[in-house]
Amino acid sequence: GIVDVLEDLKEKAEGELAELRKAETNTQHNYDMLKQSLTDSVTFDSKDLEDEKTAKAAAEEAKATAEGDLQNTVAELMSAQKALETARTSCMQAAADHEESMTSRGEELKTLAEAKKILEETSAGAVSQTYSLLQASSASGVRSRADLARSEVLTIVRRLAKQQHSAALAQLASRIAALARFGAASGEDPFAKIKGLISDMIAKLERQLADETTEKAYCDEQM
């Protein structure tokens, strides 16, 4: 009777309790699994976030470095372009100056060679007359011819200095004038001295012409 009923109730209660405990265990296990999964997910997400922050910082630093390098490159390019433009302008001016200088140097060299030729012909003639004619009148003629030659050479050089606006040629004319006036009195050969001055000036002009030609060739190559 009653005892059996109580036994049945007890068994039933124990069964329900076992089911509840099992359900609680499963629920706790599921909770623990979910918690671990969420914890792992948070950990991974946090790591990913840190990695992304690090990558972002590195990218921003690389961007800043690249922008700085770009600015430097642009500045260097502008400087190089400016230098190139300056060089081109200088070379164009040098080319124009070279053409003018070639004409000027050619005229100077031609005129000085003419002056030197006058001296050489006059001095040779003077020496020939001195040895072939021993009369006083002939000697006087030699001196007159020499004076005329020196005067002609001086006129040529002075005119050239004025035409070319050349201080060097003006100085040469002054030295020629001094030699023509005082050279013979000092016992020196004025013709030889004057020829030497003109030869030196011709050599100087030829060197300048060679230097200018070299500079022009360099500019032509760069252009």
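A few remarks follow.
- The residues on offer are 121, 100, 107, and the sole one that is among the acidic types (Asp, Glu), closer than 14 Å to residue 202 by Cβ and modelled with pLDDT of 65 or more is 107.
- Of all the listed residues (23, 115), the sole one being under 30 Å from residue 164 (Cβ atoms) and either open to solvent by 100 Å² or more (accessible area, probe 1.4 Å) or of a type in the set (A, V, I, L, M) (or both) is 115.
- Contact map, region 196-214: first residue without any contact (Cβ under 8 Å) to a residue 40 or more places away in the chain, second residue open to solvent by 40 Å² or more (accessible area, probe 1.4 Å), Cβ cut-off under 6 Å, separation 6 or more or different chains; pairs are 197/175.
The values are calculated or read from the model by the stated rules, or taken from the named source; none is laboratory data. As the structure is a computational prediction, the values presented were derived from the model and not from experiment. Here Cβ is always computed from backbone atoms with ideal geometry, including for glycine, and neighbour counts include all displayed protein chains. Note: accessible area is taken over every heavy atom of the protein model, side chains too, but ligands, DNA and RNA are not part of it. Shrake-Rupley method; radii C 1.70, N 1.55, O 1.52, S 1.80 Å.
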